[in-house]
Ligand SMILES: [Fe+2]
């Protein structure tokens, strides 16, 4: 997981990221730990999302437009190289490069956008409820 301010290239640690944005980033997490989390009762359900060459550009554009949710966005990456950009306290973009075995929680009400590089990604999505899972786009 590589974290930096997009405009200044200032490198941040996962602790810096947490302090600045409340985003939690965990590295080198085993899928068994994710399954344990799922059975802990903190999450209602999960599914697997796959981005590949058959994924329509219109779907990827929905991910890559700045938006927020009324629920946390929780992802565990199984493969691929992806980017989350999240807004910092001064509205600056903070870029988070994620890959296999990274686990990330983007808190509710934080503007962000997502890119799957090379149109290749596989991730588990963990949901605390389905009602918060609507993107609210920034205008
Ligand atoms: Fe999102």
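We did not get these values from a lab; they are worked out from the coordinates using the rules stated. Every value quoted in this text rests on a predicted model; they were computed, and no experiment measured them. Here the Cβ is made from the backbone with ideal geometry for all residues, glycine too, and neighbour counts use every protein chain on show.
Structure remark: mean-square fluctuation, Gaussian network model of the chain, C-alpha springs under 10 Å; the largest value among 18, 90, 119 belongs to 90. Annotation: Cα Rg of region 2-139 relative to the compact-globule expectation 2.2 N^0.38 Å equals 1.00.
Beyond 16 Å, the tail of the calculated P(r) for region 52-115 holds 49 percent of the Cα pairs. The length gained on full extension between residue 93 and residue 13, counted as 0.36 nm times the residue separation minus their Cα-Cα distance, comes to 27.3 nm.
Given a Förster distance of 22 angstrom, what is the FRET efficiency for residue 61 paired with residue 81, based on the Cβ-Cβ distance and rounded to 0.05?
It comes out at approximately 0.70.
Cβ-to-Cβ counts within 10 Å put 34, 134 in ascending order as 134, 34, the fewest first. Computed over the chain with a Gaussian network model linking Cα atoms closer than 10 Å, the most mobile of 100, 13, 64 is 13. Using only the C-alpha atoms, the convex hull of region 1-81 corresponds to 151 Å³ per residue. Computed over the chain, relative contact order equals 36 percent, with contacts defined as Cα pairs under 8 Å that lie 6+ residues apart. The distance from the alpha carbon centre of region 19-45 to that of region 50-96 is 17 Å, rounded to a whole number. Springs join every pair of Cα atoms under 10 Å in this Gaussian network model of the chain, and among 84, 103, 46 the largest mean-square fluctuation is at 46.
Tell me, what is a quarter of the convex hull surface for the C-alpha atoms of region 6-46, in nm² with one decimal? Can you show the working numbers first?
Working: hull surface 17.1 nm².
Mean orientational projected area (region 6-46, Cα hull): 4.3 nm².
Just want the ordering: 55, 8, from fewest to most Cβ atoms lying within 10 Å of their own Cβ. Provide the component values of the computation, followed by the final result.
Working: 55 16, 8 8.
So the ranking, lowest neighbour count to highest, is 8, 55.
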